[in-house]
Amino acid sequence: MTDRNMPATAPVTLMGIMLILFGVISIATPAVAGQAVVMTIGAVLLVAGGVQIVSGLRSEGWSSKLPTLLLGVITSAGGLGVLGHSLLGLSFLTLLLAIFFVVEGIWKIIASFSYRSASGWFAIFVSGVLTLVLGGLIWCQWPVSGMWAVGILVGIDLLITGISMVVLAITIRRLKSLAEDSAVA
């Protein structure tokens, strides 16, 4: 591998460090991070609805105009609703997360038994149990869990992604160094 084929590691390292920092902030202030996620979703819905409305207005004939316009209005209204009542949006998002984790946990537990002949089947089973417990915790504390669940989960994801990017940059630097050493020898 030549030096020109190796990506620059400084941007990857910087992005990793920034994600780690945002992850820690999200975990430390989960309610604020959860609100930020909900506001982002609301903004995306509002923009998507606006694009659909414009697309519907440009369509030829009512048979193609009407469904696009209706979907655009509904999507925009959803975005405005989420932006206007972010706590309600956060509660709804948290409820969806709880349902997702419960269903995923049950699925992993059931699926793990089909892998019993493999050595790692128990890890899938344990992962399913932990996912089910997490879903149960969020569900049992809902709607209060909205104040911590989304922010902490986003924070953990940012933290893990940031750490993996820093590790990737270190690995690239090591490979680059090895390639330079072998080119000299």
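Throughout, read-outs are computed from the coordinates displayed, never taken from laboratory work. Remember, predicted model here, so these are calculated numbers, not experimental data.
Observations on the structure shown:
- Table column - 3J(HN,Hα) (Hz), the stretch 51-62, Karplus curve with 6.51, -1.76, 1.60, x for Gly and Pro: 5, 5, 5, 4, 4, x, 5, 7, 5, 8, x, 5
- When the Gaussian network model of the chain links Cα atoms closer than 10 Å, the mean-square fluctuations of MET39, MET15, MET147 top out at MET15.
- The chain: most fluctuating residue of ALA149, ALA36, ALA123 per GNM, C-alpha cutoff 10 Å: ALA123
- Gain upon complete extension [CYS140, ARG58; 0.36 nm per residue less C-alpha separation]: 24.8 nm
- Normalised by 2.2 N^0.38 Å, where N counts its residues, the alpha-carbon radius of gyration of the stretch 30-185 equals 1.52.
- Note that the stretch 85-101 has calculated 3J(HN,Hα) couplings of 10, 5, 5, 5, x, 5, 4, 5, 4, 5, 4, 4, 4, 4, 4, 4, 5 Hz, one per residue in order, obtained from phi through the Karplus relation 6.51 cos²θ - 1.76 cosθ + 1.60 (θ = phi - 60°); glycine and proline are x.
- Extension gain from ILE156 to ALA118, taking 0.36 nm per residue of separation minus the Cα-Cα distance: 10.7 nm
- The spacing between the stretch 118-172 and the stretch 21-97, judged by their C-alpha centroids, is 24 Å.
- Full extension of the segment from ALA31 to ARG173, taken as 0.36 nm per residue of separation minus the current Cα-Cα distance, would add 47.4 nm.
- Gaussian network model of the chain, springs between alpha carbon atoms under 10 Å - residue of ILE163, ILE110, ILE152 with greatest fluctuation: ILE110
- When the alpha carbon coordinates of the stretch 28-81 are projected onto the principal axes, the ranges are 53, 13, 10 Å, largest first.
- HN-Hα J in Hz across the stretch 21-26 - Karplus 6.51, -1.76, 1.60, θ = phi - 60°, x for Gly and Pro: 4, 5, x, 5, 4, 5
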